[in-house]
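To start, the structure itself, in structure tokens.
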Amino acid sequence: MNLIGLTREERHALRRAVALLDLDRWRFGLAVLAGTLGLGSAVGLSATAAWLIARASQMPPVLELGVASVAVRTFGIARGVMRYVERLVSHEVALRGMASLRETVYRTLAGAPADVVSGLRRGDVLARTGSDVDAVGDVVVRGLLPAAVAAVVGVGTVALVGWLHPGIGTALAGCLLLAGLLGPLLTMRAARLDELAQLEARSDVAAHAMAMVDGAAELTVSGRMPRIRTALRSSEERLATAKDRAARPAALAAGVDHLATGIAVLVALVLGVRATLAGTMAPVELAVVVLTPLAAFEGTALLGPAAVQLTRSAGAAMRVLALLDAPGAQVAPLATQPAPRAEEDALLGTPRAGQADRTRPAPAGRAVLAADGLGVGWPGSGPVASGIDLELRPGRSIAVVGPSGIGKTTLLLTLAGLIPAQEGTVRVGTTPVGDLDRAAVSSAVVLTAEDAHVFHTTVLENLRVARGDVSAEEAAALLTRAGLGSWLAGLADGVHTMLDPDARSLSGGERRRLLLARALASRAPLLLLDEPGEHLDPETADRLVGDLLATGSGERGVLLVTHRLSPLAAADEVILLGHSDPAGPATVLARGPHEHLLRTDPTYRWAAEQERR
């Protein structure tokens, strides 16, 4: 397929995206061969049937028609069989390619910094990893394959007709070029803007639908649901309009194809009749050269829709590559990255530390996470907290407390390497986190965020997101440790019970403890936990937080963020964040063991007393 109808950026993006499909060239060649034999059988059927009808009108001996009769049946059967084989093989190639590209997108998103991924709407991510990847894969079946088959069969048909009459063969070649190049070129140029508008509208539809599904309760309470419905309806109308506009160029290409077919047949009649009257062509051959081109244009008839698909795929490729080319993202070979974490990281589930654009390995045996003069904040804004020093190692537990919005969660994300430090440094061992690859830091640090994703699969498989070899017995022990023993006992199928999408049937506390059990399943020696006791009653929350802090006295180090002060006696150190200057970032107001802060810090003591009351 000629790419002249695309812009330079679209051509470049489409070539890159097709390369990322990692197509099986042998299978694609087999699909082209099967498609060529199928369309070639249609041409052969037309040519043989034309010869048979014309020759039969001359009433020759029946035996002279026997081979042609068998050939007609053979071509008729082969056409259907080869078309089926072509569809079977080509769709397998395309589906394998889509799976490869989608996995690459997931892995790249998993390796991208958190600020890159979090800046995207969930519906937009869904559209790009779903329909856009499918559109790139469709270019194989609906774009490249029809073009290759039409080219091969067209050359063969021109050679056959040219052998019978060179002038008719030349005219047929010109008409095939007209239908195969001019029509698709007009289609591509007219369809590009409509298709891009359609892609944008489809993305908006997905984003609004996801917003309605995920935030139905909040939107209803706030009274914003009618506004979202109106926006969704408007996006759907724009999508329908874009689809209608995109269909018009395909109709134009079909018109050009029919025009070229008519010209080819008319020229064949004029030149063929003249040659027959002159005695240079047999009457039987006249029927062949007139009727054969009708089948040859079956191939070019598919090039108009192929051009539309090419345009659609180019736009989708640009959107997919925009994810892959995001700052901090890197397209890495599939064989070099571990598979179990890809989908979880891509959906902003339980994030792992590290960035995929680094190559230096982590220092062996140095599972120590340290921050020196650390200032934290989201990229593009100033620090929300600064001057933070801490050291987390196996056998040590640290609790970070402070008012809501003070920057505690941002601190955890920075320590995990998911967003860059605004000031100071974060190190694993003696190496800055930013200089380590994702796998190296993930082997030392695991972070469980409060909005981590729960998948629509079994309880056991949700725990295996953190470690793929978790057994059913281990899963039950982890859930019991996280305070879900009685919940697990009430499940009909135990750890093999299927959860609904995003665990909507679970309470907030059950969901939080399930995520905690997932974190505990990880082999990482350092745990970063965000509000593990949230949505629990005070007694249960205190018991759970105390147990987690006690974990720090063993082979693991634990740093957790919490609002509850009562269970912090089990922590080796408590860090209190707050504002000494209301106009500046938060700083460390006090630090030390729980009992020390109760004796020396009035603010901490007052908060603890209010909590007890």
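Where Rh is the Kirkwood radius over the Cα pairs of the range 520-565, the temperature 4 °C and the viscosity 1.567 mPa s, what D in µm²/s does Stokes-Einstein return?
Details: Rh = 10.9 Å.
Approximately 118 µm²/s, per Stokes-Einstein.
How big is the charge dipole of the range 535-613 about its Cα centre, in debye rounded to the nearest 20, if each Lys and Arg gets +1 on its Cβ and each Asp and Glu gets -1 on its Cβ?
Working: 8 positive and 12 negative charges, 26 e Å.
Around 120 debye, computed over the range 535-613.
Of the GluC sites (Glu not before Pro) in the range 523-563, which ones lie in a loop per DSSP and count no more than 10 other C-beta atoms within 10 Å?
Values: sites: 534, 539, 555; in loops: 534, 555.
Within the range 523-563, the qualifying GluC sites (Glu not before Pro) (loop, at most 10 other Cβ atoms within 10 Å) are 555.
Between residue 435 and residue 81, with labels modelled 7 Å along Cα→Cβ, what's the label distance in nm to one decimal, could you check?
6.7 nm
Say the dipole of the range 421-503 comes from +1 at the beta carbon of Lys and Arg and -1 at that of Asp and Glu; which of 496, 463, 434 then lies farthest toward its positive end?
434
If ligands, DNA and RNA are left out, what is the accessible area of residue 229 with a 1.4 Å probe, given in Å² to the nearest 10?
Roll a 1.4 Å probe over it and residue 229 shows about 120 Å².
Translational D (Stokes-Einstein, µm²/s) of the range 465-550 at 4 °C and 1.567 mPa s when Rh comes from the Kirkwood sum over C-alpha pairs?
Details: Rh = 13.4 Å.
For these conditions, the coefficient is 96 µm²/s.
Using only C-alpha positions, report the orientation-averaged shadow area of the convex hull of the range 430-486, nm², one decimal.
On the way: hull surface 22.4 nm².
Spelled out: convex hull of the Cα atoms, projected over all directions, averaged, 5.6 nm².
Can you work out the accessible area per residue across the range 510-613, with the rest of the protein chains kept in place, probe 1.4 Å, in square angstrom?
Values: 4530 Å² over 104 residues.
Result: 44 Å² per residue.
So, R0 is 41 Å and r is the distance between the beta-carbons of residue 276 and residue 230; what FRET efficiency does that work out to, to 0.05? All intermediate terms of the calculation are to be shown ahead of the outcome.
Values: r = 69 Å, r/R0 = 1.68.
Efficiency, from the Cβ-Cβ distance: 0.05.
Could you tell me the calculated FRET efficiency between residue 56 and residue 88, based on Cβ-Cβ distance and R0 = 35 angstrom, to the nearest 0.05?
The value I calculate is 0.45.
Find, to one decimal place in angstroms, the Kirkwood hydrodynamic radius of the range 518-613, where the mean of 1/r is taken over every pair of different Cα atoms and then inverted. Don't jump to the answer; show the numbers that get you there.
Values: mean 1/r = 0.0694 Å⁻¹.
The Cα-based Kirkwood calculation yields 14.4 Å.
Relative to the present Cα-Cα distance, how much length would full extension add between residue 241 and residue 182 at 0.36 nm per residue of separation? Walk me through the numbers on the way to the answer.
Working: separation 59, 0.36 × 59 = 21.24 nm, distance 2.57 nm.
So the chain would gain 18.7 nm between residue 241 and residue 182.
Considering only protein heavy atoms and a 1.4 Å probe, what is the carbon-and-sulfur percentage of the accessible area of the range 562-613?
Numbers: 1530 of 2870 Å².
Ligands and nucleic acids excluded, carbon and sulfur reach 53 percent.
To the nearest 0.05, what FRET efficiency results for residue 537 and residue 589 with a Förster distance of 30 Å applied to their C-beta separation?
0.55
Based solely on C-alpha atoms, express the radius of gyration and the Dmax of the range 1-103 in angstrom.
20.6, 65
Please work out the average accessible area per residue across the range 37-93, using the 1.4 Å probe convention, and give it in Å².
On the way: 3320 Å² over 57 residues.
In whole numbers, the range 37-93 has 58 Å² accessible per residue.
In whole Å, how far is the Cα centre of the range 18-50 from that of the range 441-489?
So the two Cα centres are separated by 49 Å.
The values are calculated or read from the model by the stated rules, or taken from the named source; none is laboratory data. Only a predicted model underlies this, so the values are computations on that prediction, with no experimental measurement involved. In this analysis, Cβ positions are derived from the backbone assuming ideal geometry, glycine residues included, and neighbour counts consider all displayed protein chains. Side chains are part of the model used for accessible areas, which takes the heavy atoms of the whole protein and leaves out ligands, DNA and RNA. Shrake-Rupley method; radii C 1.70, N 1.55, O 1.52, S 1.80 Å.
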